[in-house]
Amino acid sequence: MAIHWRSYLILLVFCCHILHDQVLAQEKPVWSENFEHFDPSRTIPGKVGQALNLTRTASKRTPLSFALPSSTFGNSFSLTCWVKGEPDFERYSIIDLLFTYPDSTTASWSIQKQVNQSWAWKYQQGEKELLYEGSHKSQPIHKDWNLLAMLVNLNKEEVTLYYNQQQVAIYSLEGVLKKGTVQQVQLTIAGETRGELSEWESFNGQIDEVNIYSGLLSKEAIQAYYEKHQQGYLKKEAITPTDTLRIMSFNIWHGGNETGKAFGYERIAQLIKDAKADIVAMQETYGSGAKIAAELGYYFYLRSTNISILSRYPIIETLAAYKPFNNGNAYIQLGRDTIAVACVWLNYPIDYWANIENNKKMDIQEWQKLQLGNTNSMRGIIQALKSPLERSEDIPVFICGDFNSGSHLDYVEATRYRNGGYNMPFPTSLYLDSLGFRDTYRERYPDPVKNPGTTWSPIHPKVHQDRIDYIYLKNKRLQLIDSRIIDASKEKYPSDHAAVMSTFLFPQKP
């Protein structure tokens with residue numbers, strides 16, 4: 001892609017937009033506990049100074065509780081803490097923020113230790129909850145001191161999580177977050193109070209310097225704070241983008257758990273790794289996305305239980321999107337370039353596949369009317385993507401996902417023989433075509449007879465085979481190198497959908 005002055009102007013606009021959308025925190029915390037004033041019997045030398053000792057050698061291991069001013073948590077806030085756990089097979093709360101609202105309901109934000117020696121983050125409000133669980137392979141907290149951080153943007157309704165200096169996840173809180181003025185805030189450090197000595201559920205380890213900031217810490221501030229206190233730290237080099245970009249869309253079938261919850265997600269991760277996909281638009285994520293991202297060492301954005309985006313390159317900002325279950329959008333940075341990626345899942349209002357299998361005659365007008373529901377959903381997605389679409393020649397826009405419907409490019413005269421005799425004008429694919437989007441698989445293989453590109457279904461060969469998963473691109477300049485269907489793997493194939501991956505020539509700016 002040619003270097004153009006507009007690209008630098010767009011980058012400046014991005015920076016201004018992000019600063020406007022997020023209230024950046026001052027680097028001085030509004031509340032801090034470094035345990036320096038505690039009785040020496042409760043502390044030992046830690047990472048920053050004195051650490052709260054909660055190991056088996058401690059004479060007293062009771063949790064600590066603090067009432068904090070609710071005004072600190074008005075719009076956005078950040079929390080950091082240094083943690084070093086002892087190896088055991090128990091789960092503990094390490095930090096817990098409890099918000100109480102005027103109607104007496106509560107919501108909690110907690111950092112926890114898992115039984116696998118890694119860490120977890122949890123938000124709970126009544127029966128609603130969100131959970132991030134780090135990988136024991138890449139995010140242990142028992143071998144050394146580790147910096148854990150959560151950055152909560154209440155206006156945007158999302159949380160960003162850091163393990164040491166690395167952003168590991170962005171979670172959307174939409175539909176889960178309790179809204180309204182916070183009346184009281186209670187901070188508990190070191191576990192739950194339980195038992196006659198109040199030590200039953202105390203964290204087994206050490207905690208040093210807990211900081212709370214009003215506003216959002218910048219990535220640079222977190223990195224600087226980590227490097228200041230981590231002696232001998234070797235800074236991880238940023239991944240340099242190559243001149244090719246591989247984008248995959250993959251419905252992983254109930255989180256990849258259908259072939260085994262212990263290793264199904266690992267099979268998904270291995271397939272992505274073998275394909276060398278740089279970015280994955282994932283559907284049916286269902287609790288496995290964070291684990292898959294950790295296996296790959298990728299950035300992760302969870303929009304809903306269904307929708308997520310995984311990326312080898314930094315996810316620099318999440319974007320406005322359609323309904324959480326159907327769509328999530330993000331900007332991803334590739335060197336000096338930025339792309340927009342939309343992950344999509346659409347409903348199936350009519351099971352036309354079963355009708356074709358059973359030779360059941362369909363009323364095409366009625367069928368098309370039912371399909372318009374998906375088209376209206378796509379209109380909502382396009383509306384949410386208005387800003388990047390206005391700059392799509394500078395910022396390529398990808399729409400990837402499980403559309404649960406065929407394409408007008410596949411149901412043509414030449415394919416009537418295998419499509420129940422139907423030539424179907426699918427309205428959603430026609431709509432995207434009218435907007436100038438490129439169906440990248442069909443662009444690479446324009447003949448649907450020779451290359452049907454079937455994604456439904458590699459494990460159900462007797463059902464009507466169809467191409468229902470897509471990678472669309474709005475940008476004229478990106479050169480498509482290849483597009484392929486991935487419907488086999490080294491072990492048992494882990495999904496009922498094939499993955500589709502398109503590869504593009506993406507020259508990097510010097």
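Quick rundown of the values:
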{"quantity": "Residue that is touching a residue at least 40 places away in the same chain (Cβ under 8 Å) and among the small types (Gly, Ala, Ser), where the choices are 407, 434", "calculated": "407"}
{"quantity": "Complete set of residues in the range 90-113 that are assigned to a loop (DSSP other than H, G, I, E, B), open to solvent by 30 Å² or more (accessible area, probe 1.4 Å) and more than 22 Å from residue 169 (Cα to Cα)", "calculated": "90, 102, 103, 104, 105"}
{"quantity": "Residue in the range 262-272 that is in contact with an Asp or Glu (Cβ under 6 Å, 6 or more places away or on another chain), open to solvent by less than 10 Å² (accessible area, probe 1.4 Å) and either free of Cβ contacts under 8 Å to residues at least 24 places away in the same chain or not polar (S, T, N, Q) (or both) present", "calculated": "yes"}
{"quantity": "Enumeration of residues in the range 70-86 that are small (Gly, Ala, Ser) and surrounded by fewer than 16 Cβ atoms within 10 Å (Cβ to Cβ)", "calculated": "70, 71, 74"}
{"quantity": "Hits in the range 337-381 - residues which are aromatic (Phe, Trp, Tyr) and either open to solvent by less than 60 Å² (accessible area, probe 1.4 Å) or in contact (Cβ under 8 Å) with a residue 60 or more places away in the chain (or both)", "calculated": "345, 352, 353, 367"}
{"quantity": "Condition check for residue 66: in contact with a helix residue (DSSP H, G or I) (Cβ under 9 Å, 6 or more places away or on another chain) and touching a residue at least 40 places away in the same chain (Cβ under 8 Å)", "calculated": "no"}
{"quantity": "Verdict on residue 421 being farther than 30 Å from residue 265 by Cα and assigned to a loop (DSSP other than H, G, I, E, B)", "calculated": "yes"}
{"quantity": "Any chance residue 481 is modelled with pLDDT of 95 or more and either buried (at least 22 other Cβ atoms within 10 Å of the Cβ) or outside any strand (DSSP E or B) (or both)", "calculated": "no"}
{"quantity": "The range 200-231: number of residues that are assigned to a loop (DSSP other than H, G, I, E, B), closer than 21 Å to residue 34 by Cα and out of contact with any strand residue (DSSP E or B) (no Cβ under 6 Å at 6 or more places or on another chain)", "calculated": "3"}
{"quantity": "Subset of the range 292-343 (residues that are among the β-branched types (Val, Ile, Thr) and either in a loop (DSSP other than H, G, I, E, B) or at positive phi (or both))", "calculated": "305, 307"}
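Rundown of residues vs (1) polar (S, T, N, Q); (2) in contact (Cβ under 8 Å) with a residue 12 or more places away in the chain, yes/no style:
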site	(1), (2)
451	yes, no
455	yes, yes
460	no, yes
481	no, yes
493	no, yes
498	no, yes
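The values are calculated or read from the model by the stated rules, or taken from the named source; none is laboratory data. Keep in mind the model is a prediction, meaning the values are calculated, not measured. Here the Cβ is made from the backbone with ideal geometry for all residues, glycine too, and neighbour counts use every protein chain on show. To get the accessible areas, we keep the full protein, side chains included, count just its heavy atoms, and leave off ligands, DNA and RNA. Shrake-Rupley method; radii C 1.70, N 1.55, O 1.52, S 1.80 Å.
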